[in-house]
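**Q** Let me give you the structure first, and then I'll get to my questions.
The values are calculated or read from the model by the stated rules, or taken from the named source; none is laboratory data. What you see is a predicted model, and the numbers here were worked out from it, not measured in a lab. Cβ coordinates were reconstructed from backbone atoms using ideal geometry, including for glycine residues, and neighbour counts include every protein chain displayed.
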Amino acid sequence: MDDDFVFAPEVIGFVYKIYNENTKKSYIGKKSLTKAGYKQVKGKKKKIRKESNWKEYFGSNEELLNDIKQFGHDKITRTVLTFCRSKGEMSYYETKFQFEEGVLLNPDKYYNTWIQCKIHRKHLKNAK
């Protein structure tokens, strides 16, 4: 993604797909734009949100990360599948895309090895 990329103010994260041209395998995951942090304010710790490592993030799958180390970044394509306005929405769409593409049934095409999801309807009240 371009370093100058600007998100709409309501976007808190996205669901993405990574494709490795060398192995012909993909990975579907989600990433928040911010993470929790702390800052000192008048001698006290104050919770804040700060930018996450989303610009250089390539997923959490060890096989994928090892392949990226071995082959390099130049054959890796990262695509945003959808932008999300809540954590629940990110979890919903990540799981939806993983099931639609059959990631667990196609280990020759996907790095994903498991799907984890727990979503309540109220988490999606503002979903598109």
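**Q** Among what's in the stretch 62-105 and is in a loop (DSSP other than H, G, I, E, B) and out of contact with any strand residue (DSSP E or B) (no Cβ under 9 Å at 6 or more places or on another chain), pick the residue that is nearest to residue 122 (Cα to Cα).
**A** The selected residue is 105.
**Q** When the residues of the stretch 22-61 are narrowed to those that are of a type in the set (Lys, Arg) and assigned to a loop (DSSP other than H, G, I, E, B), which ends up modelled with the lowest pLDDT?
**A** 42
**Q** Here's something else I'd like to know. Please find, among 33, 64, 81, the residue that is closer than 21 Å to residue 119 by Cα, free of Cβ contacts under 8 Å to residues at least 60 places away in the same chain, surrounded by 10 or more Cβ atoms within 10 Å (Cβ to Cβ) and not polar (S, T, N, Q).
**A** 33
**Q** Here's another thing I want to ask about it. Among what's in the stretch 86-128 and is of a type in the set (Phe, Trp, Tyr) and in contact (Cβ under 8 Å) with a residue 12 or more places away in the chain, pick the residue that is surrounded by the fewest Cβ atoms within 10 Å (Cβ to Cβ).
**A** 99
**Q** Any residue that is at negative phi, of a type outside the set (Gly, Ala, Ser) and in contact with a helix residue (DSSP H, G or I) (Cβ under 9 Å, 6 or more places away or on another chain) - is there at least one of those in the stretch 44-52?
**A** no
**Q** Now a separate question. Out of the stretch 39-94, which residues are closer than 16 Å to residue 110 by Cα and in contact with a Cys (Cβ under 8 Å, 6 or more places away or on another chain)?
**A** 94
**Q** All but one of (1) among the hydrophobic types (A, V, I, L, M, F, W, C); (2) surrounded by 10 or more Cβ atoms within 10 Å (Cβ to Cβ); (3) farther than 26 Å from residue 125 by Cβ hold for residue 41; state the number of the condition that does not hold.
**A** (2)
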